[in-house]
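Colleague: The structure is given below, and queries will be raised subsequently.
The values are calculated or read from the model by the stated rules, or taken from the named source; none is laboratory data. Note that the structure is predicted; figures quoted are calculated from it, not measured. FYI the Cβ positions are ideal-geometry reconstructions off the backbone, even for glycines, and counts take in every protein chain you see.
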Amino acid sequence: MAFVKTLTSYAAFLYPNGKQSGRINLYAGDHKLYILFVDPSETVSKNSFNATNKIGIAYLPFGLYEHYLDLIRNEKPIRITFRPEDSPPKFVVYCSGETPGEGEM
């Protein structure tokens, strides 16, 4: 069943392993979404969801890492929609309900 959760915290990692790779963990109550950013030379794996642990794993090209990090660091509230019933599971990370121009100068 699809769910929409509000982000409560996150963790971001860059891996110095000779390739462009990173990870952003999104925590939303009892649900987690781990976004793994892979080197452009690697094949992007299919998303998955573990219903028992309520953990989604998504894969994206490394070039999108900075955009996701910017979104979760600078906007609020951040929401996560995850559709584990899709094959492969689909997700969206987005900001909604923020007042235009809020806190911007």
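Colleague: Taking the residues in region 74-94 that are within 12 Å of the chain's Cα centre (by Cα) and of a type outside the set (Val, Ile, Thr) as candidates, determine which candidate is surrounded by the fewest Cβ atoms within 10 Å (Cβ to Cβ).
Modeller: TYR94
Colleague: Let me ask you something else. Name the residue that is surrounded by the most Cβ atoms within 10 Å (Cβ to Cβ), counting only residues in region 45-73 that are among the aromatic types (Phe, Trp, Tyr) and under 12 Å from the mean Cα position of the chain (by Cα). Reasoning before the result, please.
Modeller: Within region 45-73, the subset among the aromatic types (Phe, Trp, Tyr) is 49, 59, 62, 65, 68.
Going one step further and asking which of them are under 12 Å from the mean Cα position of the chain (by Cα), we end up with 59, 65, 68.
Working: TYR59: 17, TYR65: 22, TYR68: 18.
Across region 45-73, the extreme among qualifying residues is TYR65.
Colleague: I'm trying to understand the selection: among the residues of region 36-60, which are in contact with a strand residue (DSSP E or B) (Cβ under 7 Å, 6 or more places away or on another chain), among the aliphatic types (A, V, I, L, M) and not in a strand (DSSP E or B)? I'd like the intermediate steps shown before the answer.
Modeller: So the first thing to find is which residues in region 36-60 are in contact with a strand residue (DSSP E or B) (Cβ under 7 Å, 6 or more places away or on another chain), and the list is 36-38, 40, 44-45, 47-49, 54-60.
With the extra rule that they be among the aliphatic types (A, V, I, L, M), the set shrinks to 36, 38, 44, 55, 57-58, 60.
Passing the criteria: only VAL44.
Colleague: Only residues that are of a type in the set (Phe, Trp, Tyr) and in a strand (DSSP E or B): list them for region 4-17, please.
Modeller: Residues of region 4-17 of a type in the set (Phe, Trp, Tyr): 10, 13, 15.
If the condition is that a residue be of a type in the set (Phe, Trp, Tyr) and in a strand (DSSP E or B), then TYR10, PHE13 are the ones that fit.
Colleague: In region 18-35, what count of residues is obtained for those that are within 23 Å of ASP86 (Cα to Cα) and outside any strand (DSSP E or B)?
Modeller: Selection size over region 18-35: 2.
Colleague: List every residue pair whose Cβ atoms lie under 6 Å apart, where the two residues are 6 or more positions apart in sequence or sit on different chains, the first residue falls within region 68-96 and is in contact (Cβ under 8 Å) with a residue 40 or more places away in the chain and within 17 Å of ILE35 (Cα to Cα), and the second residue, located anywhere, is among the hydrophobic types (A, V, I, L, M, F, W, C) and in a helix (DSSP H, G or I).
Modeller: ILE78/ILE72
Colleague: Out of the residues in region 59-105 that are of a type in the set (D, E, K, R) and in contact with a Pro (Cβ under 8 Å, 6 or more places away or on another chain), state the one that is modelled with the lowest pLDDT.
Modeller: GLU98
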